[in-house]
Structure formats: C-alpha cells, structure tokens
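The values are calculated or read from the model by the stated rules, or taken from the named source; none is laboratory data. Note that the structure is predicted; figures quoted are calculated from it, not measured. Glycine also receives a Cβ, built like all others from the backbone with ideal geometry; neighbour counts cover every protein chain displayed. Please note that ligands, DNA and RNA were not included when accessible areas were found on the heavy atoms of the full protein model with its side chains. Shrake-Rupley method; radii C 1.70, N 1.55, O 1.52, S 1.80 Å.
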Amino acid sequence: VQLQASGGGLVQAGGSLRLACTSSGITFEDYALGWFRQAPGKEREFVATISWLGDRDYYLDSVKGRFTISRDNAKNTGYLQMNNLSPEDTAVYYCAASGGVSSSRSQREYDYWGQGTLVTVSS
C-alpha cells in the first residue's frame, strides 16, 4: 500500500496550491481520505477529511472557506485545494486513508499515511 502526496512548494501569502494524494494497493473508493499537517515545532493536526463517496467533508476551522478537499475515485487520487494561503499554513502536509470510518478528524482512525509534502508560505 502506498500513498504519495505531492504538490507542495513555496508560495507567497495570498497564493494557492493544490496538493494531490495518489494511492496504490488499496481500493481507494473504500477509504475515507484525510489531510493533516505538521508545522515546525508543533504536533500534527487535522486539516480536512472527505468521505468514501465524497458526499461529506469536514475542515479545521482556520481553513474553512479557503481549503477544499476533493477526490476522484476513478483516478485513485485525492486533492486539497488551498487558496489565500498565509504563513500560518506553512507545514508538512500528509494525506491518509481510513478504511474503518466514513470520515474522521482523528489521526488514530487512519490506516495508511503518505510521506508528506512541504508547503511554505512566505509573507
């Protein structure tokens, strides 16, 4: 099983990035998808999650209205569109897949994790 997160990079405040999470070795449509992030010196935190079918999503309050999680089950890929980025969004972003729940904010519910992609937002 492999999850591959990509799309990170350096962007100025107010800019946008789209992260992608490509899966292999699992039936992607059977798994909830989550995005988490870990800023320097901080614990990893929940960012967004989307259900198996993509009909429900939940967000960290500070990213609501700026980030959008989505998925394309036919491509075994999930996405995190990040708009109006701020320096506070600087972190390593991880995608994760959970086979046990339809969607979850809890890291403990996730079975598989990608390696992370670094997002740096300059002021």
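Being in contact with a helix residue (DSSP H, G or I) (Cβ under 7 Å, 6 or more places away or on another chain), β-branched (V, I, T) and closer than 17 Å to S104 by Cβ narrows it down to one residue among V47, V63; which is it? Break it down stepwise before answering.
Values: V63 fails: in contact with a helix residue (DSSP H, G or I) (Cβ under 7 Å, 6 or more places away or on another chain).
Result: V47 is the single residue among V47, V63 that is in contact with a helix residue (DSSP H, G or I) (Cβ under 7 Å, 6 or more places away or on another chain), β-branched (V, I, T) and closer than 17 Å to S104 by Cβ.
Name every residue in the stretch 72-90 that is under 15 Å from G7 (Cα atoms) and open to solvent by less than 40 Å² (accessible area, probe 1.4 Å), in order of residue number. Walk me through it before giving the result.
Taking the stretch 72-90 and keeping what is under 15 Å from G7 (Cα atoms), we get 77-83, 85, 89-90.
The answer is T77, G78, Y79, L80, M82, L85, D89, T90.
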Residues within the stretch 1-17 that are surrounded by 14 or more Cβ atoms within 10 Å (Cβ to Cβ) and over 15 Å from E88 (Cβ atoms), tallied: 6
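To keep it simple, each residue is scored yes or no on (1) among the hydroxyl-bearing types (S, T, Y); (2) assigned to a strand (DSSP E or B); (3) at pLDDT 95 or above.
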{"residue": "I69", "(1), (2), (3)": "no, yes, yes"}
{"residue": "A74", "(1), (2), (3)": "no, no, yes"}
{"residue": "G78", "(1), (2), (3)": "no, yes, yes"}
{"residue": "Q81", "(1), (2), (3)": "no, yes, yes"}
{"residue": "N84", "(1), (2), (3)": "no, no, yes"}
{"residue": "V92", "(1), (2), (3)": "no, yes, yes"}
{"residue": "A96", "(1), (2), (3)": "no, yes, yes"}
{"residue": "S103", "(1), (2), (3)": "yes, no, no"}
Unmet requirement for Y93, which otherwise passes all of (1) under 14 Å from L3 (Cα atoms); (2) among the aromatic types (F, W, Y); (3) open to solvent by 30 Å² or more (accessible area, probe 1.4 Å): (3)
In the stretch 10-22, residue farthest from D72 (Cα to Cα) [restricted to those that are in a strand (DSSP E or B) and not hydroxyl-bearing (S, T, Y)]: Q12
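Every residue, every condition in (1) of a type in the set (V, I, T); (2) closer than 17 Å to S106 by Cβ; (3) at pLDDT below 95, yes or no:
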| residue | (1), (2), (3) |
| --- | --- |
| Q12 | no, no, no |
| S23 | no, no, no |
| L33 | no, yes, no |
| E43 | no, yes, no |
| W52 | no, yes, yes |
| D57 | no, yes, no |
Contacts under 8 angstrom Cβ, first residue in the stretch 88-114 being more than 20 Å from D72 (Cα to Cα), partner crowded, with 21+ Cβ neighbours inside 10 Å and of a type in the set (K, R), 6 or more apart: D89/R37; A91/R37; V92/R37
Segments classed as strands (runs of 3 or more DSSP E), wholly inside the stretch 23-66, with at least 3 members that are without any contact (Cβ under 8 Å) to a residue 24 or more places away in the chain and open to solvent by less than 70 Å² (accessible area, probe 1.4 Å): none
Given (1) part of a loop (DSSP other than H, G, I, E, B); (2) out of contact with any Gly (no Cβ under 9 Å at 6 or more places or on another chain), number of the condition R108 does not satisfy: (1)
